Amino acid sequence: MKRIIAHLDMDAFFAAIEERDKPRLKGLPIVVGADPEEGKGRGVVSTANYKAREYGIHSAMPISTAWRRSEAARQKGRPPAVFLGGNFARYGEVSERIMAIIRTCVARVEAASVDEAYMDLSFSDSYEGARAICESIKQEIREKEKLTASIGMGPNKLVAKIASDFKKPDGLTIVGHDDEKTCAELVEAFLEPLPIRKIPGIGPKTEAMFSEKGVSTIRDLTRFSQTELGEMLGKWGLSLYRKARGVDESPIVQEYERKSIGEQETFREDTKDSNFIQERLAAMCESVIAHLTTSEWKSFRGVSITVRFADFETKTRAHTFRDPVSDLGALQFEAMRLVMPFLDKRENLKKKKIRLIGVRVEKLGEMRRARR
Ligand code: TTP
Ligand code: MG
């Protein structure tokens, strides 16, 4: 099925929240970060709003540099930047509310950082339908939070991320098409003129290395074969070859897929009594299912077990079911199957005693109720 992925990124996030919450700051250049101490401060800028960016101030810059640039602007008769320490708990709360707005519209969401999220809009079937969803999310954020977001949309996370950065603030950039061939052409035409720095993962060092070879745009990058890039940059070079062509299959990782529910038990004495171990494992599985039943999740697809030997050597094994399951029998059966080899010579040639066993269910799915 055709994928349609969007990436949302809030505009000047921390600074925009400050500007919204403190009416006296409206329209002024704002810098959130370390204390500038009249130019002697040693920390860095967290972020700056767009007014302050006009002075050349940006994230991760030494706060002392930001101070000098603000002073330079003041000397030209422009308003100096307002420096703020920042209220991170507050930014976290706003972030959660924004994620909640997104989750009411889209089921598959990956909150990638405090101010950005990937959304799987494939369910909307067409780019037009997906555009309407993005517009309504932007509008809801504007109405409820009085903040602006920029969204990029494309056939994968890579293109969506680069597109969300293309027009900021308050942008909506669509690089894709319902027709697969046209889509590929649009992606290529979008990426080729961009500087290579736009590819996530290319930092100042890689940029400088390529600059020496006369490479500045993504088009220049496509001159290299996969082997050449691999020789220059190792494994990362191989994936860069694909990225330069707008190819990216990385999945949307939902929060609940990262979570797991597990139990483990350190035996009072190290043991190789297989009946005892099976009995304890069965009990741990019961406890895991009990936790699952009272959690907000309903099913799991992954099972993993841990075995720690008396000498502390620790092994894990995992299994993924094709379909979600939720019953105790399935868990016990699979957990036993994974542990058994450690009780005999298949995985325990030296017949070591076992100190600890753990069992865990992962890839949890189908939430019972909306979160928060
Ligand atoms: P970004 O999305 O990178 O920046 P931004 O939202 O401020 O601006 P833009 O409009 O370009 O998206 O980061 C989100 C927040 O994360 C940012 O507001 C502050 C914080 N942050 C840091 O604290 N340090 C950093 O180096 C960066 C890049 C961000
Ligand atoms: Mg942002």
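The values are calculated or read from the model by the stated rules, or taken from the named source; none is laboratory data. These numbers were taken from a predicted model, which means no experiment stands behind them. We place every Cβ from the backbone using ideal geometry, glycine too, and count neighbours over all the protein chains shown. Areas reflect the complete protein model, heavy atoms only, side chains present, ligands, DNA and RNA absent. Shrake-Rupley method; radii C 1.70, N 1.55, O 1.52, S 1.80 Å.
Quick notes on this structure:
- The requirement of being within 16 Å of ligand 1 (Cβ to nearest atom) and exposed (fewer than 15 other Cβ atoms within 10 Å of the Cβ) is satisfied by Gly92.
- Unmet criterion (only one of (1) of a type outside the set (D, E, K, R); (2) more than 8 Å from ligand 1 (Cβ to nearest atom); (3) surrounded by 23 or more Cβ atoms within 10 Å (Cβ to Cβ); (4) on the phi > 0 side of the Ramachandran plot) for Gly27: (3)
- Long-range neighbours under 9 Å by Cβ, at least six apart or interchain, first residue free of Cβ contacts under 8 Å to residues at least 24 places away in the same chain and open to solvent by 10 Å² or more (accessible area, probe 1.4 Å) within segment 283-312, second outside any strand (DSSP E or B) and of a type in the set (Gly, Ala, Ser): Thr293/Ser326
- Qualifying position, being in contact with a strand residue (DSSP E or B) (Cβ under 6 Å, 6 or more places away or on another chain), more than 16 Å from ligand 2 (Cβ to nearest atom) and open to solvent by 60 Å² or more (accessible area, probe 1.4 Å), among Arg74, Arg108: Arg108
- Of the residues making up segment 45-53, not a single one is open to solvent by less than 30 Å² (accessible area, probe 1.4 Å) and away from ligand 2 (no atom under 16 Å from the Cβ).
- Hey, Ile102 part of a loop (DSSP other than H, G, I, E, B), within 16 Å of ligand 2 (Cβ to nearest atom) and either open to solvent by less than 50 Å² (accessible area, probe 1.4 Å) or in contact with a helix residue (DSSP H, G or I) (Cβ under 7 Å, 6 or more places away or on another chain) (or both) or not: no
- Per-region count, segment 165-216, residues assigned to a loop (DSSP other than H, G, I, E, B) and either under 25 Å from Ile4 (Cβ atoms) or of a type in the set (A, V, I, L, M, F, W, C) (or both): 20
- Matching residues, segment 31-44, being hydrophobic (A, V, I, L, M, F, W, C) and either open to solvent by 20 Å² or more (accessible area, probe 1.4 Å) or away from ligand 2 (no atom under 14 Å from the Cβ) (or both): Val31, Ala34, Val44
- Screening the candidates Arg69, Arg97, Arg3, Arg103 for the property of being among the charged types (D, E, K, R), over 25 Å from Ala163 (Cα atoms) and out of contact with any Cys (no Cβ under 6 Å at 6 or more places or on another chain) yields one hit, Arg69.
- Evaluation of Ile133 against (1) touching a Cys at 6+ places or on another chain (Cβ under 9 Å); (2) in a strand (DSSP E or B) (one fails), failing number: (2)
- Annotation: of all residues in segment 3-20 being buried (at least 24 other Cβ atoms within 10 Å of the Cβ) and assigned to a loop (DSSP other than H, G, I, E, B), the one that is nearest to ligand 2 (Cβ to nearest atom) is Ala12.
- From Gly171, Gly201, Gly262, Gly176, residue being crowded, with 18+ Cβ neighbours inside 10 Å, touching a residue at least 40 places away in the same chain (Cβ under 8 Å) and either not hydrophobic (A, V, I, L, M, F, W, C) or not assigned by TED's automatic domain parsing to the domain that holds Ser124 (or both): Gly176
- Qualifying residue in segment 118-135 (condition: surrounded by fewer than 16 Cβ atoms within 10 Å (Cβ to Cβ) and under 22 Å from Thr47 (Cα atoms)): no
Rundown of residues vs (1) buried (at least 17 other Cβ atoms within 10 Å of the Cβ); (2) not assigned by TED's automatic domain parsing to the domain that holds Lys351, yes/no style:
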position	(1), (2)
Thr217	no, yes
Leu221	yes, yes
Glu228	no, yes
Glu249	no, yes
Phe276	no, no
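- Each residue in segment 319-370 was checked for being outside any helix (DSSP H, G or I) and more than 30 Å from Arg103 (Cα to Cα), and 17 of them qualify.
- Residue, nearest to ligand 1 (Cβ to nearest atom), within segment 54-68, restricted to residues that are free of Cβ contacts under 8 Å to residues at least 24 places away in the same chain and open to solvent by less than 30 Å² (accessible area, probe 1.4 Å): Met61
- Subset of segment 150-168 that is basic (Lys, Arg) and within 12 Å of ligand 1 (Cβ to nearest atom) - its residue that is most open to solvent (accessible area, probe 1.4 Å): Lys167
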